[in-house]
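Engineer: Have a look at the structure that comes next, please.
The values are calculated or read from the model by the stated rules, or taken from the named source; none is laboratory data. Just so we're clear, the structure is a prediction, and the values are computed from it rather than from any experiment. Because the Cβ atoms are built from the backbone with ideal geometry, glycine has one as well, and the counts that use them run over all protein chains shown. Only protein heavy atoms, including side chains, enter the accessible area calculation; ligands, DNA and RNA are left aside. Shrake-Rupley method; radii C 1.70, N 1.55, O 1.52, S 1.80 Å.
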Amino acid sequence: MRLISRHILRALSAPFFWGVAALTGLLLLNSLPPLIDRFGGKGLPAKIMVEGVFLLLPALLALTLPMAVLVSTLYGYSQLAAALEMVAMYANGISVWRMARPALVGAAAIAVINFFVFDQLVPRSNVRFSDLQTAVMNKTPTLALQQQVLNVLPPSGYVLRAASIDQVTGAMRSITIFDLGTNDTRRLIVADSGSMAESANGRDLILLLHSGEIYEFKRNEPGQLQQTNFVHNRVVVANVQNELHLSNSRTDRGEREKSSCELLDGIADQKWSVATLTRESESYTRRDLRAMTGLPPVLTPPVQNKPAFPPHCGAYRRFEGWFRRLMLPKQLGAQVPATSPRAQAGAQRGTPPPAPGRAVVQAPMSPGPQNPAVVQPGARQFLVAPATAQGNDLMTGFPVVNYTDLRLNEAKETMRKYQVEYHQKFAIPLSSFCFVLIGMALALKYPASGIGLVIGGSLVIFLGFYIMLQGGKGVAAAGHLNPAVALYAPLALFTVAGLLAVNAANREMGTARSAGLFAAIADFFRRTRD
């Protein structure tokens, strides 16, 4: 029996490794154009591009490993069946289920490797690729600005904020620019849209603004505000290339940048937030309704502090920490930013220093006698109170219950994303088992189909599984279905289909078989026409 198992594994191993190489190469070719578009033409060394390519490989391997299992099963078992080796095994009392055992054992090993790649390598490579992409964007001013953030542009004294920034085209929406360059004059530039580009000398940032106003206030002329409307305006920020250095460190990570243990921690954290915000929303709703009907107010329940949740995974978490220390290098001395005298003085006064590459700017944001230049005609102002506000006073323009419901919906959405990503880390590796069953049944049913069955069958099967998986992810992320049901339903369906197909092949073993898949399809259409 061991000899037969080794013989079957040898027949499957070669097409598996060839399948991994070929499928990974095809997916990599599809990922190269956007990578070249992001990193190319910026004067970067070749090693940056090579590093970006290597960082893409773990995510591609997580998909190609189960695909290669399907390809090797179709090719290996079809070759054994075409050479009548499986018929000889069956004639000697070896069932089809026994012939499938070596492939299933191999699929278990591949599933473990695939989970390790998906759980450990992919999140870290995604984090590294995101940091690398940010570093590349920081090299060019048109790519270094961030949306919905006060971007300081030294040494000009400009502070820019945009509601949205397209990192590829440089297009911006809802632009606000504070000109704090001089002491005696303050300017506020507001534009509906615009774009940014790099100058020919590579040092200046050119901002093309459309449909906006300029408000100018001079300290030596109190009580006077000059307003200028424009259709198009060109603003040149000089020498920004030599000064614009934003920090690449990130404290927040998305669901695709977390391991399974970190996702479990995030799910527990978001569940607590959902329960707490639900109670707060109900309390604020009762408070507002009682205030509207004239009933006496009730005390708002005290705010609960978030408990310290114990980390998940136990011993696996220790292995995860060891692997993280193995993969990530220690911080070098040159990577620790030097503390400036200004930051040291702030630290002595108890004021935390600003983050590297990020300036703390206190710009006037509300109209008044001291800052009339920030008046925006037609702008609506909302006073957002904290969710822990107590009493009967309602918020101006934006009720506190709406703000709490907004936070509640965000917490639910984040929790669903974490759950979808967590279950996906198991669903894709486990698909190797159902692919072995379906591939073996097809190979026994149509042994003479050759490479056509391998290519066509693998594409149809994996494409069907992937479409169902992505559809389940979308339905679960929208909250219409439990994430576990949505992610494991395609796996269960394909597994049941594979078990039934192998059972049917076991009953029909040794009987007359079709010459091939294409011949069976042609015969089906011929019978239909007759």
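Engineer: Where the second residue is open to solvent by 10 Å² or more (accessible area, probe 1.4 Å) and outside any helix (DSSP H, G or I) and the first is more than 15 Å from residue 111 (Cα to Cα) and lies in region 67-79, which pairs have Cβ atoms under 6 Å and are six or more apart or on separate chains?
Structural biologist: 78/447
Engineer: What tally of residues in region 405-460 results from selecting those that are part of a helix (DSSP H, G or I), open to solvent by less than 40 Å² (accessible area, probe 1.4 Å) and of a type outside the set (A, V, I, L, M, F, W, C)?
Structural biologist: Number satisfying all stated conditions: 14.
Engineer: When only residues in region 134-149 that are surrounded by fewer than 16 Cβ atoms within 10 Å (Cβ to Cβ) and aliphatic (A, V, I, L, M) count, which is modelled with the highest pLDDT?
Structural biologist: The residue in question is 149.
Yes/no per residue for (1) aromatic (Phe, Trp, Tyr); (2) outside any helix (DSSP H, G or I); (3) open to solvent by 60 Å² or more (accessible area, probe 1.4 Å); (4) modelled with pLDDT of 85 or more:
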{"position": "269", "(1), (2), (3), (4)": "no, no, no, yes"}
{"position": "277", "(1), (2), (3), (4)": "no, no, no, yes"}
{"position": "287", "(1), (2), (3), (4)": "no, no, no, no"}
{"position": "313", "(1), (2), (3), (4)": "no, yes, no, yes"}
{"position": "321", "(1), (2), (3), (4)": "no, no, no, no"}
{"position": "324", "(1), (2), (3), (4)": "no, no, yes, no"}
{"position": "330", "(1), (2), (3), (4)": "no, yes, yes, no"}
{"position": "358", "(1), (2), (3), (4)": "no, yes, yes, no"}
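Engineer: State yes or no: is residue 66 part of a helix (DSSP H, G or I), surrounded by fewer than 16 Cβ atoms within 10 Å (Cβ to Cβ) and not hydrophobic (A, V, I, L, M, F, W, C)?
Structural biologist: Taking the combined requirement at face value, the residue does not satisfy it.
Engineer: Would you check if residue 100 is open to solvent by 30 Å² or more (accessible area, probe 1.4 Å) and of a type in the set (A, V, I, L, M)?
Structural biologist: So residue 100 fails the test.
Engineer: I would also like to ask the following. What about residue 164, is it farther than 25 Å from residue 218 by Cβ, open to solvent by 30 Å² or more (accessible area, probe 1.4 Å) and at pLDDT 85 or above?
Structural biologist: yes
Engineer: Quick one: is residue 466 more than 30 Å from residue 95 (Cα to Cα), part of a helix (DSSP H, G or I) and hydroxyl-bearing (Ser, Thr, Tyr)?
Structural biologist: Yes.
Engineer: Could I ask something else about it? For region 444-465, does any single residue satisfy the condition of being polar (S, T, N, Q) and modelled with pLDDT under 75?
Structural biologist: yes
Engineer: Then there's this: I need the full set of residues from region 168-216 which are open to solvent by 60 Å² or more (accessible area, probe 1.4 Å) and either among the β-branched types (Val, Ile, Thr) or under 30 Å from the mean Cα position of the chain (by Cα) (or both), in order please.
Structural biologist: 168, 169, 173, 174, 182, 192, 198
Engineer: Of everything in region 217-237 that's out of contact with any helix residue (DSSP H, G or I) (no Cβ under 9 Å at 6 or more places or on another chain) and within 14 Å of residue 160 (Cα to Cα), which residue is most open to solvent (accessible area, probe 1.4 Å)?
Structural biologist: Going through the qualifying residues, I end up with 236.
Engineer: Could I ask something else about it? Would you confirm, using the coordinates I've provided, whether residue 32 is over 33 Å from the mean Cα position of the chain (by Cα), surrounded by fewer than 21 Cβ atoms within 10 Å (Cβ to Cβ) and not in a loop (DSSP other than H, G, I, E, B)?
Structural biologist: Judged against the criteria, residue 32 is not a match.
Engineer: If I ask for residues that are among the charged types (D, E, K, R) and over 16 Å from residue 152 (Cβ atoms), which ones from region 175-185 would you list?
Structural biologist: Residue satisfying the conditions is 184 alone.
Engineer: Right, here's the next one. So, of the residues in region 2-26 that are over 30 Å from residue 95 (Cβ atoms) and buried (at least 17 other Cβ atoms within 10 Å of the Cβ), which turns out to be nearest to the chain's Cα centre (by Cα)?
Structural biologist: Across region 2-26, the extreme among qualifying residues is 24.
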